[in-house]
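Structure first, commentary second.
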Amino acid sequence: MANNYYNLLIFSNTSANPRRFQLHKKVVKFLLSFVLVSSVIFFVASYYFYNRYFEISREVVELDSLRKENQDQQVQLHKFSRKIQDFESQMVRLEKFDRKLRVITALDLPKGQQGGGGLGIGGSEERIDEEGSLDSPNSALSSRIHEDLKNLRVRSELQEMSFLELDEFFKNQSSLLTSTPSIWPARGWVTSTFGYRSSPFTGLRELHAGVDIATRVGSPVVATANGVVVSSDRDSSFGKMVEIDHGYGVRTRYGHNSKHFVKVGDRVKRGQVIAEVGNTGRSTGPHSHYEVMLNGVPVNPMRYIFEEGTGEL
């Protein structure tokens with residue numbers, strides 16, 4: 001029986017009798033096994049938590065990096081959204097300009113613009129505050145930006161087709177545009193307009209078929225549009241006068257000149273000097289008499305002048 005126990009002596013000091021304890025060998029073995037197993041579990045757990053600590057540390061670093069990247073992407077999305085809104089505004093301006101040109105040219109709206117809706121296909125409804133934050137998450141904003149880009153692409157393609165059609169129209173009409181009188185024939189002061197007036201010579205009511213521009217003798221007189229000179233001679237009423245045929249039934253006359261620089265058959269361009277102001281014919285003073293005729297009928301020249309100003313010096 002004694003072999004089944006271990007004797008444990010504990011001395012409190014050198015002179016005192018020791019205290020004696022007996023421990024069963026099974027208890028000792030159990031305690032040793034428990035300590036060993038506990039040590040193994042401790043070291044295994046320590047190793048596991050040590051590795052987990054570093055894994056979590058790496059994940060925290062990666063999470064911080066992803067969070068920063070997400071913030072950067074959010075800022076970029078906000079900037080991109082603003083650019084899309086700028087493009088949207090530019091498209092609206094282009095569409096308005098397109099409609100104005102079509103009103104002027106009397107061209108119908110192209111397919112995709114008919115029905116009164118223009119080229120509009122909607123735009124971003126997101127609202128960006130002063131700090132750049134949005135009412136929706138990045139995913140919703142990204143989806144909306146994608147839709148806006150698709151809409152802008154469709155609108156830009158339609159607008160391109162519309163402008164190509166307008167470009168073709170203006171190319172076909174370039175001859176008409178350059179042959180339409182649209183500038184002042186001389187610089188000075190309008191002393192008599194188109195319409196009925198009292199004759200400065202007889203005092204009777206008469207139709208004044210053009211406009212009179214008073215200016216100095218020798219001032220240049222220019223062609224108001226491209227055309228061909230059909231007359232460069234003297235008239236009993238208008239003195240030295242040049243007449244130009246611009247085609248499309250339009251002719252212009254320039255009277256009371258002192259000198260001519262063109263002859264019959266000459267081709268002239270808008271702005272080209274064709275004569276000098278004078279006081280020839282029935283005139284009360286130096287001026288240029290300017291007429292526009294459409295199919296032989298005098299019309300108000302002021303309706304044709306697109307040039308800004310009044311022609312004053």
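Looking at (1) at pLDDT 85 or above; (2) within 30 Å of Ser143 (Cα to Cα), can you tell me which one His78 breaks?
Here His78 clears every test but (1).
If we scan the stretch 258-274, do we find a residue that is touching a His at 6+ places or on another chain (Cβ under 8 Å), among the aliphatic types (A, V, I, L, M) and under 24 Å from Ser198 (Cα atoms)?
No, the stretch 258-274 has no match at all.
Can you give me the number of residues within the stretch 223-282 that are in a loop (DSSP other than H, G, I, E, B) and touching a residue at least 24 places away in the same chain (Cβ under 8 Å)?
22
Somewhere in the stretch 26-43, is a residue of a type in the set (Phe, Trp, Tyr) and either exposed (fewer than 10 other Cβ atoms within 10 Å of the Cβ) or more than 30 Å from Tyr6 (Cβ to Cβ) (or both)?
no
Is it true that some residue in the stretch 52-71 is among the polar types (S, T, N, Q), within 21 Å of Ile145 (Cβ to Cβ) and either assigned by TED's automatic domain parsing to the domain that holds Arg153 or surrounded by 10 or more Cβ atoms within 10 Å (Cβ to Cβ) (or both)?
yes
Among the residues of the stretch 233-245, write down those that are at pLDDT 95 or above and farther than 23 Å from Ser192 by Cα.
Asp245
Among Leu36, Leu8, which is over 29 Å from His146 (Cβ atoms), of a type in the set (A, V, I, L, M) and either assigned by TED's automatic domain parsing to the domain that holds Ala140 or not in a helix (DSSP H, G or I) (or both)?
Leu8
All but one of (1) more than 17 Å from Gly188 (Cβ to Cβ); (2) part of a strand (DSSP E or B); (3) under 44 Å from the mean Cα position of the chain (by Cα) hold for Asp212; state the number of the condition that does not hold.
With (1) more than 17 Å from Gly188 (Cβ to Cβ); (2) part of a strand (DSSP E or B); (3) under 44 Å from the mean Cα position of the chain (by Cα) applied to Asp212, the lone miss is (1).
Mind counting the residues in the stretch 201-215 that are exposed (fewer than 13 other Cβ atoms within 10 Å of the Cβ) and either polar (S, T, N, Q) or within 21 Å of Val262 (Cα to Cα) (or both)?
Number of matching residues: 1.
Just need a number here: residues in the stretch 274-288 that are hydroxyl-bearing (Ser, Thr, Tyr) and under 50 Å from the mean Cα position of the chain (by Cα).
Going through the stretch 274-288 one residue at a time, the tally reaches 1.
The values are calculated or read from the model by the stated rules, or taken from the named source; none is laboratory data. No experiment lies behind these values; they were computed from the predicted model shown. Quick reminder, even Gly has a Cβ in these numbers, built from the backbone with ideal geometry, and neighbours come from all protein chains shown.
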